[in-house]
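Some notes on the structure that comes next.
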Amino acid sequence: MSDEDHRTNTGTVQPAKADGPPYAECVLCREPTEYPESYKGITLCPVCAWQEAQRTACSG
């Protein structure tokens, strides 16, 4: 894991937050995320990330 990555509560690695635009689009709602557009992989906006965390926490 690089210094720019951090782990979430579910153990997945998220990219470092972007310093400014352009931002990557959320894969669910297409709103801007906090992550740089250059990030490869699944990115979620804060709202969708929170909703996804709630779904996975309750499905346990």
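Some values worked out for this structure:
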quantity	calculated
Carbon and sulfur %, accessible surface of region 14-60 computed with the full protein complex present, 1.4 Å	55 percent
For A24, net neighbour charge (Lys/Arg +1, Asp/Glu -1) across residues whose Cβ lies under 10 Å away	-2
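The values are calculated or read from the model by the stated rules, or taken from the named source; none is laboratory data. These numbers were taken from a predicted model, which means no experiment stands behind them. In this analysis, Cβ positions are derived from the backbone assuming ideal geometry, glycine residues included, and neighbour counts consider all displayed protein chains. Each accessible area value is taken on the protein alone, full model and side chains, heavy atoms only, with ligands, DNA and RNA left out. Shrake-Rupley method; radii C 1.70, N 1.55, O 1.52, S 1.80 Å.
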